[in-house]
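Okay, structure first, notes after.
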C-alpha cells in the first residue's frame, strides 16, 4: 500500500470513529410546564330598603318599628357598645319591606305621616367595589332642610351619621356639613318631571360579601304643614301623578351604582370612569 493510500484509509477510519462518537452524544435536559389559572371576577350589588335604621333613630315617627336589642361589636363605623340592628336583621326586614310595610304605610298618606326608608347596599359580587347611592325626590314637591319652598309637601331626612362616622363622603350639599352631594333638579324623567338628587359616595371600597354599615337615608313623609293648595301646586307641576281612579302618587327613586375597586386610586376616580362609560 502506498503512502498516499494508507493516509486515505487512515482518514476514513478517523472519520468513521468521529461519526460514531458524535452519534452517541445526547444533552441532559428536562421541561416543566406550570399552568396559571385565572378566574374572572364580577361586580354585583343588592340594594336594600328596610324599616331599620342601624341604631334605631330613623326619626320617621313610626311607633310600630322596634328598637334594636343587639350590641354592636367589631364594626368599623358603628361604635362598640351601641345598640344596633345586625346585618341579618336588616336583610330579613328588607325582604318584606315593600309588600308588608311600604304597601301599607305608604298608602293614603296624610300630612304628618312619615315612612321609614333606610337604605343599605350589600356587595354580592366576587370583587371589592366602590359604592354610590342616590335618592331622587320630585323637585316641585320637595320640602327639605336645604330648600323649604311653598308647595313642597314631601319632608325627608338623610342619615347624617353615615358621614359623621366617616363611612360616606361629606358632600356638604346645600352648604350643610355632614350632607350628601345635592343636585337640585339634577334629573328629569321621561314625563318631564324634575328631581332633586341626593348622592352618597362611600369613601372606601366595599369588600366582597360585605354590607354598608350605615343607612344613608332615614325617612320620607308628607310635611305636617302641607295643605290642599300645596297638593294642587304639586299636581300642576307634575310632581304628583293622578291616576284615572283618582289616586294620587309621588315617586321617590332610589338607585345604587358599583364599580370595581381595582385600577382606581379612590372613589372619585372610579365614578369619573363610571360616568364616562355610560
Next on the checklist: Condition first: at pLDDT 90 or above, part of a loop (DSSP other than H, G, I, E, B) and closer than 20 Å to residue 206 by Cβ. Now tell me which residues in the stretch 35-54 satisfy that.
Outcome noted: 43, 44, 52, 53, 54
Item to check | When residues of the stretch 84-113 are limited to those that are more than 25 Å from the chain's Cα centre (by Cα) and either within 19 Å of residue 162 (Cα to Cα) or in contact (Cβ under 8 Å) with a residue 40 or more places away in the chain (or both), the one surrounded by the fewest Cβ atoms within 10 Å (Cβ to Cβ) | outcome: 110
Checklist entry - Is it the case that the stretch 251-262 has a residue that's touching a residue at least 60 places away in the same chain (Cβ under 8 Å), out of contact with any strand residue (DSSP E or B) (no Cβ under 6 Å at 6 or more places or on another chain), closer than 30 Å to residue 65 by Cα and surrounded by 13 or more Cβ atoms within 10 Å (Cβ to Cβ)? => result yes
Checklist entry - For residue 246, are the conditions met, namely being loosely packed, with under 12 Cβ neighbours inside 10 Å, touching a helix residue (DSSP H, G or I) at 6+ places or on another chain (Cβ under 9 Å) and not in a strand (DSSP E or B)? => result no
Item to check | Any chance residue 192 is touching a strand residue (DSSP E or B) at 6+ places or on another chain (Cβ under 8 Å), in a loop (DSSP other than H, G, I, E, B) and at positive phi | outcome: no
Next on the checklist: Which residue is nearest to the chain's Cα centre (by Cα), if the candidates are limited to the stretch 197-229 and must be farther than 30 Å from residue 76 by Cβ and surrounded by fewer than 20 Cβ atoms within 10 Å (Cβ to Cβ)?
Outcome noted: 224
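The values are calculated or read from the model by the stated rules, or taken from the named source; none is laboratory data. On a predicted model such as this, the values are computed, not experimentally measured, just so you know. Glycine also receives a Cβ, built like all others from the backbone with ideal geometry; neighbour counts cover every protein chain displayed.
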